[in-house]
Amino acid sequence: MAYTLAELARLTATELVGDGSFEVTELASLSRATSKSLSFLSNDARRAELKGSEAGAVVVSRAVSDEIKRGLISDDPYRTYAELSVIFDGKGIPFAQGVHPTAVIDETAVIADGVSIGPGAVIGADVVIGAGSVIGPNVTIYPKTQIGLDCLVGASTVIGYDGFGFAKSSDGWVKIRQLGGVVIGDDVEIGAGCTIDRGALDDTVIEKGVKLDNQVHIAHGCQIGARTAMAGYVALAGGTVIGRDVTVGGMTGFTGHLSVCDKVHIGANALVTQSITVPGAYLGGAGGVMKAEDWRKNAVRFRQLDAMARRIQVLEKQLDMKSKDS
Amino acid sequence: MAYTLAELARLTATELVGDGSFEVTELASLSRATSKSLSFLSNDARRAELKGSEAGAVVVSRAVSDEIKRGLISDDPYRTYAELSVIFDGKGIPFAQGVHPTAVIDETAVIADGVSIGPGAVIGADVVIGAGSVIGPNVTIYPKTQIGLDCLVGASTVIGYDGFGFAKSSDGWVKIRQLGGVVIGDDVEIGAGCTIDRGALDDTVIEKGVKLDNQVHIAHGCQIGARTAMAGYVALAGGTVIGRDVTVGGMTGFTGHLSVCDKVHIGANALVTQSITVPGAYLGGAGGVMKAEDWRKNAVRFRQLDAMARRIQVLEKQLDMKSKDS
Amino acid sequence: MAYTLAELARLTATELVGDGSFEVTELASLSRATSKSLSFLSNDARRAELKGSEAGAVVVSRAVSDEIKRGLISDDPYRTYAELSVIFDGKGIPFAQGVHPTAVIDETAVIADGVSIGPGAVIGADVVIGAGSVIGPNVTIYPKTQIGLDCLVGASTVIGYDGFGFAKSSDGWVKIRQLGGVVIGDDVEIGAGCTIDRGALDDTVIEKGVKLDNQVHIAHGCQIGARTAMAGYVALAGGTVIGRDVTVGGMTGFTGHLSVCDKVHIGANALVTQSITVPGAYLGGAGGVMKAEDWRKNAVRFRQLDAMARRIQVLEKQLDMKSKDS
């Protein structure tokens, strides 16, 4: 697999720098690139890394184009790298095209032409899967799930299992049968080991272009707006409504029955307990790690925070009184 | 599927309001209900929502019964909704009844009559599964696991895998072979994507009526008391002992070898590091999210908390001395 | 299965105390041991537990050897327990030896002799698995994964799935095809329900002797040094580099593109946001749980921490001025 820089400039609609007949055989990061590699610089501020790299050619922004001998100039080198990754990726579908013979598919399921379903996947009654979608091995899709066009689902993911709903009674918990389904739009990617529950009454809805990393959990009746992206272990409790173009860092949770407006960006390892109505960046959690001995001293104060605040108030009053006295 | 209100009043032992021959065809939330829907109001404080709903009939408490034209009066409308969900749920078992032919079951396993085992499930040696239990697709049950009557296990869950136990040696880690099993009582529900490890020496025990949401992790040798419920991603480190009638919010962890008494309720995203011996409600973690710029200012102070507390002490002493001076 | 103490002393290279012909039939914890059990005391400080135990024999350190009638003296009783667990574990491989007929293995995969692959496991193109490795049921291994000798992979784990990489465009997210693989060294243990992603460009690398608990997530391009151990739910974002002999407590996350040096020990439920360059113990998170009413009072102050710190500064200045005045 070798491409000339001129070919790649044409395929990615970028501007050639240097010898167009130069051939590259792989994409590589700057630090590991060789003279046969095409690499990229996605952040101009790190241009110093160009000097140390052995890359045969580099994709850069116009602002940095003087610093390379050979390569491509792009408005957005990172997006160009994404486009190049498709060109250099030999295989689209990791397991066989089409429905693998070991997949178990209910006869009432509607599987479009051109869908790939991996070995050991299990597809329940009345499931609908749109053309171009790829379902990984050992995925389970429970009944009443609809999946759009060109979706990608990682191995071991479970879609459409019962939401976690119980009513208390004097004997313990009474299960609330889950009557809703799951509706997933086009071009959605769901990672490996995720769980997307069916709705209790209303469907769980994931709009087009949503991207979920591995081990994400979406509880019953949640709605996720178009193009929202969530990193690993994000967990939505029941009935959470997330807007469009939202990003959520890994391990962040939502306590349920709250809503988040469009264009909100939430950091990692936070707990969202109230609705967010203003677009922007949000963070939560207690921050990073410290040496254990420092952390112990500080964390014990967390339990005294209210007392500390009250002591400051008392001091302020005392000083104020003294000032009046004098 | 249509039921008259009179039929439903009889089946749920509730009191009819209005025309008993009125037919409903579905359960629905108040906000999405139509004139053919039966809905419910589980919280009297939200009675204003009745006005905006198009529901043909509503389940309410006696205190709100004047505000509906048609419906059912229940001591506990939410529990009645749970009972109605069974009536309106056409299908009990999402995949075929009985043992699916693609399930792989060790010949020494004892599977009661009336157990359903989904496609691709794998059941190891000497496993026992009680009548009425439903094992989801692609579930793996390792040897030495016992499951009671009427249990429900979600897809991709793994029960009875080795606990995480190693001893240090000069060469690295020496694996501690896990010799215990897993014992699960009757009427236990385990969500999708959970991992329940076998005990190192003593069994891991989950008592009757326990409910675990998706992606819960129970380490080796834990014990969970009857009717305890845990939301998604709860993780118990080895040897944790949880009492009866406990509830745990999502993403909360337990550091192991500690115990929690009966009737404790712990919020989401907390870390339990010490035993809890008094029933009641507990919370942990750093609270919700803030605008990123506010969080950065506050979180950096977390690292200075101990210094802040000491500065308050100094101020208090200085002021106290001044007071004595004057 | 019965062993004399003399046999066990010989097999574990420990020193016999008491009657060498005494037979034990099981390993058990001190609290559950019977007169036929061999137990162990791994922490001398808990020697009081010896008195209450009915164990027929106990493994202890030399410092405690006067307090037992019968047993074994070991330099490291916990490591001796690990060795005994192998002796008392009847079965090595929980599912059948060799490749189970329901496993789906690509014809280009290279599976060494003596590898065990559980029912329903799926092995992709060009995968290499070294001798002695055991792959659990329903595991999925995507193409371009190499696994060393004597590795153990728990059920439902997914190795080699696409890393979570997208570039923004005006239409939403453009997927970055993942071109790297996963390289796993010898003697690595990966728990059940884990996800180990393939690299974007460079391989994801897990060195020899690494131990991962259940539900761990390793993102694309991470490197984990030899003998590092991570408890349940640990999550590494893309490009994280972890040194050798590191231990990480459960539920702790790493925000990506940072590095942690050798011999670092990080507690549970923390978020590592910056590189760690000094060996030692680190902690993070907000600490344990409190009664809900106490937590509410304290957690609200977390949002006022910066204001509190500034108020202390003001008080300090005022007092300082007063001191100069007087």
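In whole Hz, what ³J(HN,Hα) sequence does region B:47-59 give by Karplus (6.51, -1.76, 1.60; θ = phi - 60°), x for Gly and Pro?
Per-residue couplings from phi come out as 4, 4, 5, 4, 4, x, 8, 9, 4, x, 7, 9, 8 Hz.
Per residue and in cubic angstrom, what volume does the convex hull of the Cα atoms of the protein assembly as shown have?
Expressed per residue, the convex hull around the Cα atoms of the protein assembly as shown is 202 Å³.
Which three extents, in angstrom, do the Cα atoms of region C:97-149 have along their principal axes, listed largest first?
22, 18, 15
Loop by DSSP (not H, G, I, E, B), at most 16 other beta-carbon atoms within 10 Å: where is the longest site-free stretch of chain B for GluC sites (Glu not before Pro)?
For GluC sites (Glu not before Pro) (loop position, at most 16 other Cβ atoms within 10 Å), the longest site-free span of chain B is B:108-326.
Report, for chain B, the % of DSSP beta bridges that are antiparallel, rounded to 5.
Percent antiparallel among DSSP bridges in chain B is about 15.
Once the label point is placed 7 Å from Cα along Cβ, list for residue C:275 the distances to the corresponding points in the other copies, in nm, shortest first.
In ascending order, 4.5, 4.5 nm.
Specify whether the C-alpha gyration tensor of region B:3-88 places it in the rounded, prolate or oblate class, a ≥ b ≥ c being the square roots of the eigenvalues: rounded for a/c under 1.5, otherwise prolate if a/b is larger than b/c and oblate if not. Write out the running numbers ahead of the final one.
On the way: a/c = 1.34, a/b = 1.17, b/c = 1.14.
Note, shape of region B:3-88 comes out rounded.
Shortest first and in nm with one decimal, please list how far the residue B:323 label point sits from its counterparts in the other copies (point 7 Å along Cα→Cβ).
1.9, 1.9
Please report Rg over Rh for region C:104-282, where both radii come from the alpha carbon positions and Rh follows the Kirkwood definition. Walk me through the numbers on the way to the answer.
On the way: Rg = 15.9 Å, Rh = 16.1 Å.
Result: Rg/Rh = 0.98.
Specify, per residue and in Å³, the volume enclosed by the convex hull of the alpha carbon atoms belonging to region C:189-326.
Details: hull volume 21.7 nm³, N = 138.
Expressed per residue, the convex hull around the Cα atoms of region C:189-326 is 157 Å³.
I'd like the interface area for chains B and C: accessible area of each alone minus the complex, both sides summed, 1.4 Å probe, protein heavy atoms only. What is it in Å² to the nearest 100? Please report the intermediate quantities before stating the final value.
Working: alone 18750 and 18770 Å², together 31360 Å².
Counting protein atoms only, the buried area is about 6200 Å².
With 10 Å bins from zero, work out the P(r) of chain C over every alpha carbon pair and list the percent per bin.
Here the calculated profile for chain C is 6, 19, 20, 23, 17, 9, 4, 2, 0, 0.
For residue B:26, enumerate residues with amide H under 5 Å from its amide H, sequence gap 5+ or separate chain, H modeled in the peptide plane.
When sequence neighbours closer than 5 places are left aside, the close amide H contacts are B:38.
Work out the length of the dipole vector of chain C about its Cα centre, built from +1 on the beta-carbon of each Lys and Arg and -1 on the beta-carbon of each Asp and Glu, and round it to the nearest 20 debye.
In total the dipole reaches around 1580 debye.
For Cα pairs less than 8 Å apart in space and 6+ apart in sequence, what is the mean separation divided by the residue count of chain B, i.e. the relative contact order in percent?
7 percent
Using the beta-carbon distance between residue B:263 and residue C:11 and R0 = 35 Å, what value does 1/(1 + (r/R0)^6) give for FRET efficiency, to the nearest 0.05?
0.15
Would you work out the charge dipole size for region B:104-282 about its Cα centre, treating the Cβ of every Lys and Arg as +1 and the Cβ of every Asp and Glu as -1, and quote it to the nearest 20 debye?
Charge dipole of region B:104-282: 500 debye, to the nearest 20.
Please list, in chain and number order, the residues 5+ apart from residue B:223 or on another chain whose amide H is under 5 Å from its amide H, with Hs placed from the backbone.
B:205, B:240, B:241, B:242
Compute the accessible area per residue over chain A, keeping the other protein chains in place, probe 1.4 Å, unit Å².
Values: 12770 Å² over 326 residues.
So chain A comes to 39 Å² accessible per residue, rounded to a whole number.
When the label point is put 7 Å from the Cα of residue A:97 along its Cα-to-beta-carbon vector, which residues of region C:96-118 have a backbone N closer than 19 Å?
Residues C:106-108 qualify, since their backbone N sits under 19 Å from the label point.
Leaving out ligands, DNA and RNA, what percent of the accessible area of the protein assembly as shown is carbon and sulfur, probe 1.4 Å?
Reported share for carbon and sulfur atoms: 49 percent.
Please list the radius of gyration and Dmax for region C:205-262, considering alpha-carbon atoms only, with Å as the unit.
According to the Cα coordinates of region C:205-262, Rg and Dmax are 9.7, 24 Å.
Only Cα pairs within less than 10 Å get springs; with that Gaussian network setup on chain B, which residue of B:256, B:185, B:165 has the largest fluctuation?
B:165
Of C:135, C:275, C:218, whose Cα points farthest to the positive end of the dipole of region C:104-282 (charges on the beta-carbon: +1 Lys, Arg; -1 Asp, Glu; origin at the Cα centre)?
Of the options given, the answer is C:275.
Put a point 7 Å out from Cα along the line to Cβ at residue A:108; what are the distances to that point in the other copies, in nm, shortest first?
4.0, 4.0
I need the trypsin sites (Lys or Arg not before Pro) found in region C:53-95, filtered to DSSP loop residues with at most 15 other beta carbons within 10 Å of theirs.
C:69, C:91
Taking the rotation axis that maps chain A onto chain B, which residue of A brings its Cβ closest to that axis, and at what distance in whole Å?
Residue plus distance in Å, as requested: A:286, 2.
The values are calculated or read from the model by the stated rules, or taken from the named source; none is laboratory data. Since the structure is predicted, the reported quantities are computational estimates derived from the model, not experimental observations. Neighbour counts run over all protein chains shown; Cβ positions are idealised from the backbone, glycine included. Remember, those area values only see protein heavy atoms, side chains included, never the ligands or the DNA or RNA. Shrake-Rupley method; radii C 1.70, N 1.55, O 1.52, S 1.80 Å.
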